[in-house]
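The values are calculated or read from the model by the stated rules, or taken from the named source; none is laboratory data. Quick caveat: nothing in here was measured; it's all calculated off a predicted structure. Positions of Cβ are backbone-derived with ideal geometry, glycine not excepted, and every protein chain shown enters the neighbour counts.
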Amino acid sequence: MSAFLTLVPCASCGTFFSCNSTRVPSLRLNANGQPDPAGLRYPVCRACWDRRQAYRRERGLPEEHLMPGAYDPEEEGDRDED
Ligand SMILES: [Zn+2]
């Protein structure tokens, strides 16, 4: 089984980063770049994720769950063929 990196721009800061596209946290945005539950998923980098969790902690909100391996290379077969 081989592993590969998916390199994508962060939806929040624009930095390119590697991730597992099926596990990485993402924002749903519409064509205007505004948050939209019906929008497309855009991945968020680790730095922005950590900043968001720090923001939530400061305000007494529960931290969100990060899927294991979200920022690790993908294994062949992780991704649906489409
Ligand atoms: Zn970012």
May I ask you to list the residues in the range 29-58 that are part of a helix (DSSP H, G or I) and more than 15 Å from the ligand (Cβ to nearest atom)? Arg56, Arg57, Glu58
Pick out the one residue from Glu81, Glu75 that is surrounded by 13 or more Cβ atoms within 10 Å (Cβ to Cβ), at pLDDT below 95 and either of a type in the set (A, V, I, L, M, F, W, C) or away from the ligand (no atom under 13 Å from the Cβ) (or both). Glu75
When every residue in the range 1-15 that is among the aliphatic types (A, V, I, L, M), assigned to a loop (DSSP other than H, G, I, E, B) and surrounded by fewer than 18 Cβ atoms within 10 Å (Cβ to Cβ) is compared, the one nearest to the ligand (Cβ to nearest atom) is Leu5
I'm trying to understand the selection: among the residues of the range 59-78, which are more than 13 Å from the chain's Cα centre (by Cα), assigned to a loop (DSSP other than H, G, I, E, B) and of a type in the set (D, E, K, R)? Arg59, Glu63, Glu76, Asp78
Mind telling me which of the residues Ser18, Ser26 ends up being among the hydroxyl-bearing types (Ser, Thr, Tyr), in contact with a Leu (Cβ under 6 Å, 6 or more places away or on another chain) and away from the ligand (no atom under 11 Å from the Cβ)? Ser18
Filter the range 5-45 down to the residues that are out of contact with any helix residue (DSSP H, G or I) (no Cβ under 6 Å at 6 or more places or on another chain), more than 17 Å from Pro68 (Cβ to Cβ) and polar (S, T, N, Q) and list them by number. Thr15, Asn30, Asn32, Gln34
